[in-house]
C-alpha cells in the first residue's frame, strides 16, 4: 500500500505540468510533521489531493547536517543530536513543502521546507551552525574525515 502511495506521489510530481518545471512540484504542499528523523530529514504526512495524504520522508534542500546514524567522529555525533533537537524544539505540527522533487533514494523527496511561521528550515540550520551548505561540503570532524 505504501509503495502505491509513493507511486501516486511520484505521478503527481511528474504530471502536474502547470505547477512545475521539469520534475519539480513548486508547491506549497501542506504537511503534518510526523517526526524529525535527523538534522536534515523529516517524516511528514503530506496532503497530495483533497483528503489524500502520503507518509514520506523529506530531505531538506541545499544543506547537509551532521549524520545521526553512522557519524564519522564524536564531534559529528554531538552536532547531529544538536541539529535534531533544534528542529524538534523549533517545529510545530505543520510544515509547508516547496520546490519538491524526487531524491536519489526511494521513498524520499527533497524540498524546501518552511515552518508554519514561514521560516525556511535550511536557512535556520545554516544560521545556527547546525548544517553546511551543499556548495561547502565541510567535514564535521576535526581531522577532516
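Each value in this text was obtained by applying a stated rule to the coordinates, not by laboratory testing. In this text the structure is predicted, and so the values were computed from the model without any measurement. Positions of Cβ are generated from backbone atoms using ideal geometry, with glycine treated the same way; all protein chains shown enter the neighbour counts.
Some observations on this one:
- Residue in segment 107-124 that is surrounded by the most Cβ atoms within 10 Å (Cβ to Cβ), counting only those that are assigned to a helix (DSSP H, G or I) and in contact with a strand residue (DSSP E or B) (Cβ under 6 Å, 6 or more places away or on another chain): 121
- Residues (touching a helix residue (DSSP H, G or I) at 6+ places or on another chain (Cβ under 7 Å) and surrounded by fewer than 21 Cβ atoms within 10 Å (Cβ to Cβ)) located in segment 37-47: 38
- Among residues of segment 88-100 being within 15 Å of residue 41 (Cβ to Cβ) and out of contact with any helix residue (DSSP H, G or I) (no Cβ under 7 Å at 6 or more places or on another chain), the one that is surrounded by the fewest Cβ atoms within 10 Å (Cβ to Cβ) is 88.
- Here residue 130 meets the list (1) in contact with a strand residue (DSSP E or B) (Cβ under 8 Å, 6 or more places away or on another chain); (2) under 27 Å from residue 24 (Cβ atoms) almost entirely, failing just condition (1).
- Within segment 125-134, restricting attention to residues that are in contact (Cβ under 8 Å) with a residue 24 or more places away in the chain and assigned to a loop (DSSP other than H, G, I, E, B), the residue that is surrounded by the most Cβ atoms within 10 Å (Cβ to Cβ) is 131.
- Of all residues making up segment 51-86, the number that are touching a helix residue (DSSP H, G or I) at 6+ places or on another chain (Cβ under 9 Å) and either buried (at least 19 other Cβ atoms within 10 Å of the Cβ) or farther than 22 Å from residue 108 by Cβ (or both): 10
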